[in-house]
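Each remark here refers to the structure printed beneath this line.
The values are calculated or read from the model by the stated rules, or taken from the named source; none is laboratory data. Keep in mind the model is a prediction, meaning the values are calculated, not measured. For neighbour counting, all protein chains shown are included, and Cβ atoms are generated from backbone atoms with ideal geometry for every residue, glycine included. We work out accessible area using only protein heavy atoms, side chains counted, and drop any ligands, DNA or RNA first. Shrake-Rupley method; radii C 1.70, N 1.55, O 1.52, S 1.80 Å.
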Amino acid sequence: MAKPTAPLTELAREFGPHLNEIPAGGWHSESEQPAERLVQTHCCFCGQQCGIQLKVRDNTVIGFEPWEEFPFNRGMLCPKGVKRYLQANHRDRLLEPLMRSEHGFRRASWDEALDETARRLREIQAKYGKDSVAVFGGASLITEKAYLIGKLARLALGTRHVDYNGRLCMVSAGVAYKLVFDFDRSPIPWSDIAEADVIFVAGANIGECAPITTDYIWRARDHGARLIVADPRMTPICRNADLYLPVRPGTDLILLMSMLHVILRDGLEDRAFIAEHTTGFDAVAESVRAWDPRSAAEHTGVPPQSIETAARWFAEGPNSVALHAKGIEHQSKGVENVLALLNIVLATGHIGRRANGAAMITGQGNGQGGREHGQKCDQLPGARSIHDPAAREHVAKVWGIEPGELPEAGYTAQEIMNAIHAGEIKALFSLCFNPLVSLPQAEFTREALNKLEFFGIIDFFLSETAQHADIVLPGSLQEEEEGVTCNTEGRVIHIRKAVDPPAHARGDSEILCDLARRLGKGEYFPYRSTREIFDELREASRGGIADYYGITYERIDREYGVCWPCPSEDHPGSPRLVENGVSMFPDGKCRFQVTVPRESGDPTDASYPIYLTTGRVVSQYLSGTQTRRIGGLVAIYPEPKVEIHPQLAAAHGIADGDWVTVATRRDEITLRAMVVRTIRPDTVFIPYHWPGGQSANKLTHRTLDPRSKIPEFKVSACRIRKANGPGEDR
Ligand SMILES: Nc1nc2c(c(=O)[nH]1)N[C@H]1C(S)=C(S)[C@@H](COP(=O)(O)OP(=O)(O)OC[C@H]3O[C@@H](n4cnc5c(=O)[nH]c(N)nc54)[C@H](O)[C@@H]3O)O[C@H]1N2
Ligand SMILES: Nc1nc2c(c(=O)[nH]1)N[C@H]1C(S)=C(S)[C@@H](COP(=O)(O)OP(=O)(O)OC[C@H]3O[C@@H](n4cnc5c(=O)[nH]c(N)nc54)[C@H](O)[C@@H]3O)O[C@H]1N2
Ligand code: SF4
Ligand SMILES: [Mo]
């Protein structure tokens, strides 16, 4: 039952992606038309959330200036931060609601588009039940919007199925930290990285994906700190590493368990810390006994001597910090990988004091704040569990409903897509998510989207996913509404409004409230500003784990951000958690957790003998909806290439720049080869920021980590062959 989708060529002509960002009135030099004001705010892209000053003139962002006083990045920015302002007046901006007609999209008024959205959602719920509608949110949104999405889904629609794109991102780390410390946040301020003596980076391309964190590592290097990096690819940060661990994709758990084996074998553990601050040590010690470095080397490809050295350096510190990101988290054992790393940190006592600890590097701009206040399927505001009767009672009271009216937990993001494909979920309302490019097995996602009886979406560009929608509502860029985000350190910061949305586009939060009104629940969404939403959120989070009650916009401005938990306005905030080894569990202990190695969900065999891993490049961001429209960024890395080692390339007669077809058990795509010595000879890498025939996610698989439900983006089995040119679907 495929829908009549307008021919892509026609949509592209109108909605891009175009590289021509020149605003309607043309560019003017600053001397001709100087900025009227500077707005101190933050970058809309990654979780570093760099401070930046936007230059504004005539309700348009026309440029930027560094914001040197903001302590996290001290004026520094990466290429994306420097170019982000070019989205503001981009010719592809959606300026009016669009409704599907027989011939593609037609323009519609807000009244028509919103009435029809509300009517269709109600009709489908009346026919198939409340849970036949699902809602998707996103972690690029300011926290006020993330909060509204959870409230809209549960209260205005009454569905239990609400989840968000952070399900593809931070959830493995989140589940692991909850199990060990009972909170889901990096426990250290980034200044601890700069003071450490040993830094262990596990599966993070810091140079390209957390560029400002590089500066903290350099500062540590200035006082002689050692750097250890575990990655199947030598990314830019490896150039300065003292020890590089070329781990085979998907085998980190064995590597980490073997490091703990060495630490315990050689008596390098911190007995006093273990005794005083932890539980569960003996079982973990027993579980790593089998993983001596020799057996581990066979599985991981990391030389035994390197495992020994890494373990010794990290244990001996004297001050050690472990940093990790998607390389270990995007696996069907993503949670175990993080647990195994935290087991090392606990066993060596490197946490709870300056210059020591572990940190997850947050991905999306609001990857932290966006997962604290209720757009996750099992969570209520304040990072509370939806299963907890006291939490339900608290939130129901703030919302003015009975706890029984709150739905129970629903499906996670990929499970929602699976249920759409299976015909169980019939309608989807989505913002800030581009699943057609970002979920695994893209063809499956496309089939699912085409089965929807109704699909409504809010975006500011016509994303690949939006092309499958029935109604597209033109929303707002980050700088078009005021609010907060929470950066990778747990620091809640202020996003100032710089301009109004252009033409007929509207603020996302206004659109959500308007929709709630048309669903008959307006009385619960009476806000006149995002500030009023924030004030309600403070109440709703009060007493929870992520307690924002003591945080106000004004305080953030005075203090350059406030770290949660912050239970009252005179509370200083909490930059370092697990201080003195005390977790958030009632007994204050940190919990060792046993881990068990197992096979990837898509194992290599004789037909698919090569590992495929996927990730990012510095100049593109996520599904690319935004950065594929900025000419200066596209020029840096115009199209996805297959990174391949010279040995593997030679074995297949492939030279640098040749076309190569990469095939997995799902699908195949053809891209140009980039022959590099910086990758393992049994592995190829493809960045995932592109759609259609260039989409790495055509190849990936839908295996999920059983606890976090994150897809295994980092490990697939593939084969390769030399090709003559790209396929038809480019
Ligand atoms: N330029 C840029 N920066 C970004 C983003 C972006 O799209 N572009 N996105 C932001 C977001 S949302 C996120 S989540 C972060 C992601 O930041 P990172 O996690 O640092 O980036 P990735 O490229 O996904 O993967 C990290 C590294 O994992 C390695 N890797 C692959 N397989 C394995 C494995 O099995 N084990 C180990 N140990 N390593 C492996 C890859 O080679 C890669 O170098 O970046 C954020 N910053
Ligand atoms: N193969 C592979 N796949 C991956 C990954 C990988 O490493 N490999 N990484 C995964 C990770 S870590 C992540 S985080 C996901 C990200 O995947 P997505 O979340 O799907 O990617 P985005 O590009 O952020 O899509 C967000 C959409 O929301 C829009 N948007 C952005 N900001 C706003 C806003 O403020 N308001 C509104 N209304 N819309 C907004 C953008 O225009 C875009 O269309 O991809 C995942 N997919
Ligand atoms: S490091 Fe991240 S937050 Fe900072 S400028 Fe680059 S993309 Fe923006
Ligand atoms: Mo992410």
What number of residues within the range 281-300 satisfy the criterion of being surrounded by fewer than 17 Cβ atoms within 10 Å (Cβ to Cβ) and either more than 28 Å from Glu579 (Cβ to Cβ) or in contact (Cβ under 8 Å) with a residue 60 or more places away in the chain (or both)?
8
Take the conditions touching a Ser or Thr at 6+ places or on another chain (Cβ under 7 Å) and open to solvent by less than 20 Å² (accessible area, probe 1.4 Å) and apply them to Gly544. Does it pass?
no
Scan the range 678-708 for residues that are open to solvent by 10 Å² or more (accessible area, probe 1.4 Å) and more than 15 Å from ligand 2 (Cβ to nearest atom) and report the count.
6
Please work out if Gln593 is under 25 Å from Lys333 (Cβ atoms) and either at pLDDT 95 or above or surrounded by 22 or more Cβ atoms within 10 Å (Cβ to Cβ) (or both).
yes
In the set Arg616, Arg598, the lone residue that is open to solvent by 40 Å² or more (accessible area, probe 1.4 Å), over 25 Å from Arg91 (Cβ atoms) and within 16 Å of ligand 2 (Cβ to nearest atom) is Arg616
Scope the range 142-176; condition under 24 Å from Ala204 (Cβ atoms) and surrounded by 24 or more Cβ atoms within 10 Å (Cβ to Cβ); matching residues:
Tyr164, Asn165, Gly166, Arg167, Leu168, Cys169, Met170, Val171, Ser172, Ala173, Gly174, Ala176
Would a scan of the range 555-569 turn up a residue that is in contact with a strand residue (DSSP E or B) (Cβ under 8 Å, 6 or more places away or on another chain), part of a helix (DSSP H, G or I) and not β-branched (Val, Ile, Thr)?
yes
In the range 606-628, the residues that are aromatic (Phe, Trp, Tyr) and either more than 11 Å from ligand 3 (Cβ to nearest atom) or not in a loop (DSSP other than H, G, I, E, B) (or both)
Tyr608, Tyr611
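Do we have Val61 as hydrophobic (A, V, I, L, M, F, W, C), away from ligand 2 (no atom under 16 Å from the Cβ) and either more than 25 Å from the chain's Cα centre (by Cα) or not assigned by TED's automatic domain parsing to the domain that holds Gln478 (or both) here?
Considered against the rule, which asks whether it is hydrophobic (A, V, I, L, M, F, W, C), away from ligand 2 (no atom under 16 Å from the Cβ) and either more than 25 Å from the chain's Cα centre (by Cα) or not assigned by TED's automatic domain parsing to the domain that holds Gln478 (or both), Val61 comes out as no.
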Would you point out the residue of the range 71-89, among those that are closer than 22 Å to Pro17 by Cα and under 20 Å from the mean Cα position of the chain (by Cα), that is nearest to ligand 3 (Cβ to nearest atom)?
Gly81
Tell me whether the range 231-253 contains one or more residues that are in contact (Cβ under 8 Å) with a residue 24 or more places away in the chain, more than 19 Å from Arg616 (Cα to Cα) and in a helix (DSSP H, G or I).
yes
Go through (1) modelled with pLDDT of 95 or more; (2) under 30 Å from Gln620 (Cα atoms); (3) away from ligand 3 (no atom under 16 Å from the Cβ) one by one and return the number of the condition Val133 breaks.
(2)
Please verify whether the range 21-29 includes one or more residues that are modelled with pLDDT of 95 or more, more than 16 Å from ligand 2 (Cβ to nearest atom) and either part of a helix (DSSP H, G or I) or not assigned by TED's automatic domain parsing to the domain that holds Val499 (or both).
no
Taking the range 522-541, which residues are open to solvent by 30 Å² or more (accessible area, probe 1.4 Å) and outside any loop (DSSP other than H, G, I, E, B)?
Glu523, Tyr524, Arg531, Glu532, Asp535, Glu536, Glu539
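Test Ala275 against the stated conditions and say whether it is in contact (Cβ under 8 Å) with a residue 12 or more places away in the chain and small (Gly, Ala, Ser).
Details: in contact (Cβ under 8 Å) with a residue 12 or more places away in the chain: no; small (Gly, Ala, Ser): yes.
When the stated conditions are applied, Ala275 does not pass them.
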If I filter the range 178-188 for residues that are open to solvent by less than 10 Å² (accessible area, probe 1.4 Å), within 16 Å of ligand 4 (Cβ to nearest atom), touching an Asp or Glu at 6+ places or on another chain (Cβ under 8 Å) and not assigned by TED's automatic domain parsing to the domain that holds Arg677, do I get at least one hit?
yes
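What are the residues in the range 159-175 that are within 16 Å of ligand 4 (Cβ to nearest atom) and out of contact with any His (no Cβ under 9 Å at 6 or more places or on another chain), if any?
Asp163, Tyr164, Asn165, Gly166, Arg167, Met170, Val171, Gly174, Val175
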Do you know which residues across the range 359-416 are farther than 19 Å from Asp705 by Cβ, touching a residue at least 24 places away in the same chain (Cβ under 8 Å), in contact with a helix residue (DSSP H, G or I) (Cβ under 8 Å, 6 or more places away or on another chain) and among the aliphatic types (A, V, I, L, M)?
Ala359, Leu380, Ala383, Val395, Val398, Ile401, Leu406
Consider the range 47-59. How many of its residues are surrounded by 21 or more Cβ atoms within 10 Å (Cβ to Cβ) and either more than 15 Å from ligand 3 (Cβ to nearest atom) or on the phi > 0 side of the Ramachandran plot (or both)?
1
Those residues that are within 28 Å of Glu116 (Cβ to Cβ) and part of a helix (DSSP H, G or I), I need them from the range 384-401; list them, please.
Trp399
Of all residues in the range 192-214, count the ones that are touching a residue at least 40 places away in the same chain (Cβ under 8 Å) and in a helix (DSSP H, G or I).
10
